Amino acid sequence: MTKAKKNHEVNQSRQGASPFAQTYFHGTKADLKLGDLIEAGFNSNFGQRNNARYIFLTATLDSAIWGAELAAGEGPGKIYLVEPTGEIEDDPDLTDKKFPGNPTKSYRSTAPFRVVGEVSVWQGHPAEQVQAMKDALEKLKQQGIHSLNDVKNED
C-alpha cells in the first residue's frame, strides 16, 4: 500500500468536518453560542408568527443576511454557521413561489441545527432596501397572504 493511499484511508476514517462539506448559514437576532441547538417550536419571524413548525437555513451568505435583517426582535442581526442534525428540504416559500429551482439555496427542517460558528463580519443591505422588503412583507400580511410554512400538516 502506498503512503498516499494509507493516509487517504486514515483521513476518511476520522470523525469531524470534511473540508468539502456544505456550509450552511442561519440569520437571526438570537444570541447563540457554539454548540447551541436551534429548534422548531418557537415563534416564527415570518408569516402568522405562530410556533414555527420548521427552522430555516441557507447555503448563501446573502440569504442569511436577509434572515438576520428581517428577523423579529431587538438588537443586531447575527449570522451563524450551522449543521443540520436531520433531513433538510427546499423552503417552498422561496423555491415554489419566488425562485423555482432554489437559486437562493434556502432550506427548512423540523430537526435542530447545531451552531458551529458565527460570521462576525458581514455587510448588510442598504437601509432603504431592507425597509422596502419589510414594507412588502407587511403588505402581504395585510392582504392575508401567509407563508406556506404556516400551513398545518395534514398527516
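The values are calculated or read from the model by the stated rules, or taken from the named source; none is laboratory data. Because the structure is a prediction, the values reported are computed rather than measured. Note that each Cβ is placed from the backbone with ideal geometry, even for glycine, and that neighbours are counted across all protein chains shown.
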**OP:** Restricting attention to region 99-136, report how many residues are over 15 Å from ILE65 (Cα atoms), aliphatic (A, V, I, L, M) and within 18 Å of the chain's Cα centre (by Cα).
**Re:** 3
Subject >> Whichever residue in region 81-123 is over 12 Å from LEU57 (Cβ atoms) and of a type in the set (Phe, Trp, Tyr) and, among such residues, is modelled with the lowest pLDDT >> reply: PHE99
**OP:** Working only within region 67-80, note down all residues that are at pLDDT below 95 and either among the acidic types (Asp, Glu) or in contact with a helix residue (DSSP H, G or I) (Cβ under 7 Å, 6 or more places away or on another chain) (or both).
**Re:** GLU69, LEU70, GLU74, GLY77
